[in-house]
Ligand SMILES: [Cu+2]
């Protein structure tokens with residue numbers, strides 16, 4: 001089994017890693033007691049659910065770090081198709097395409113479509129560089145979204161919020177949410193009870209990972225202030241093409257692997273550009289993520305699986 | 001846009017040569033006045049350049065990741081430049097032009113135009 005990440009590798013994490021093991025069994029935990037069941041049964045019994053996150057597929061990228069980014073996206077989707085039980089849906093945290101070209105979006109849609117899951121997208125900066133600065137993305141993925149593509153939805157009592165922090169960037173700054181989106185967020189949250197589990201997803205990390213590389217969001221503190229009263233907040237990001245996590249009070253932050261190419265650890269290279277690893281190693285750096293929610297008050301369980309161990 | 005004639009994002013060196021001829025109707029300032037800024041490792045090099053009024057500055061992206069050139073004062077901006085794409089701006093008016101990358105806004109540079 002590939003590396004498995006989460007809030008420490010405890011027994012639960014080890015068991016939930018089985019989701020990716022192809023054993024035909026999904027292990028779940030209720031009240032601290034691990035039990036195995038087909039996911040459908042588990043859902044009915046516990047009213048929990050699993051969803052997936054993929055990120056940074058960069059379809060169209062063909063440089064040395066990965067000459068075939070569409071190919072590795074295909075492998076990621078193969079892994080999802082092979083899951084013994086169907087997750088509730090998938091989120092994609094941006095940089096679907098490399099250059100916002102119609103063919104790149106088409107190829108991504110066709111490949112991701114093989115998973116036969118509802119997919120909730122947020123854009124990365126690579127998705128908004130068409131002639132009309134994001135019109136292509138919004139027409140394709142933003143039909144029910146506000147502004148530059150933000151929205152929220154609910155799944156079995158969990159409130160999901162997709163944010164956009166890759167537009168109107170300020171010189172010298174990092175990611176940006178902007179006042180309009182923050183006002184929308186305040187309004188979106190105002191009627192939610194503090195016990196509602198919240199999942200926020202956006203492309204660039206909502207905490208400062210490396211300001212010298214722009215790996216953070218200038219006004220994320222304002223968003224987090226609005227989330228402070230909630231008992232369970234999970235923040236899922238992409239952009240930095242590597243796993244990282246941080247817990248701050250009730251808020252757990254996670255960045256995801258790319259399905260295309262890795263990027264260096266902060267400070268480990270002259271720039272955050274694509275990191276070329278030996279060809280046989282690439283799939284250890286790419287992967288997909290599952291997140292399992294149980295209505296037990298425990299934090300959501302986040303499990304990352306590499307494309308190859 | 002008047003002060004900065006004809007910014008143009010050009011695809012590849014061959015197109016760049018062809019389109020430069022087409023777009024810049026007046027003869028360009030002498031080759032000595034012209035300058036190139038390259039993008040390597042998410043940085044503009046040279047980071048600050050000084051040119052004479054009328055000079056054409058060519059920005060060329062050498063990274064595997066697209067970048068763009070955005071004037072902080074809003075006077076010019078390029079499309080996203082893929083690897084080896086170029087973008088040219090003619091700087092007619094003296095002054096200081098601070099610019100950044102529209103995709104990676106921590107990347108900044110400056111063009112000083114002085115007689
Ligand atoms: Cu850039």
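Values quoted throughout were computed directly from the atomic coordinates according to the rules given, and no laboratory measurement underlies them. All values reported here derive from a predicted model rather than from experimental measurement. Virtual Cβ from ideal backbone geometry, glycine too; neighbours counted across all protein chains shown.
For the stretch A:93-233, the calculated P(r) over all alpha carbon pairs, in 5 Å bins from 0 to the bin holding the longest distance, is 2, 10, 19, 21, 20, 15, 10, 4, 0 percent. Shown here: the stretch A:175-246, whose C-alpha atoms stretch 37, 25, 14 Å along the first, second and third principal axes, sorted largest to smallest.
To make sure I understand, if each residue's beta carbon is the centre and we count other beta carbons within 10 Å, what order do B:37, A:166 fall in, fewest to most?
B:37, A:166
When you restrict to C-alpha pairs under 8 Å that are six or more residues apart and normalise by the size of the stretch B:35-113, the relative contact order lands at 34 percent. Expressed in Å, the radius of gyration and Dmax of the Cα atoms of the stretch A:138-215 are 13.7, 41.
Were the residues from residue A:156 through residue A:187 laid out at 0.36 nm apart, the gain over their Cα-Cα distance would be 9.1 nm. In a Debye calculation with equal point scatterers on the alpha-carbon sites of the stretch A:151-270 and no solvent, what is log10 I(q)/I(0) at q = 0.13, 0.22 Å⁻¹? Relative scattering, expressed as log10 I(q)/I(0), comes to -0.50, -1.32. An ellipsoid equivalent to chain A, defined through the eigenvalues of its Cα gyration tensor, has semi-axes of 27, 24, 18 Å when rounded to whole angstrom and sorted largest first. Shielding of peptide B:88-101 by partners, expressed as the average count of other chain Cβ atoms within 10 Å per residue Cβ, is 1.
Each residue in B:36, B:75 was given a count of other beta-carbon atoms within 10 angstrom of its own, and listing them fewest first yields B:36, B:75. The packing ranking, built from the mean of other Cβ atoms within 10 Å per residue, places the peptides B:57-67, A:52-62 in the order A:52-62, B:57-67, highest first. The Cα atoms of the stretch B:35-113 cover 33, 21, 19 Å along the three principal axes, with the biggest extent listed first.
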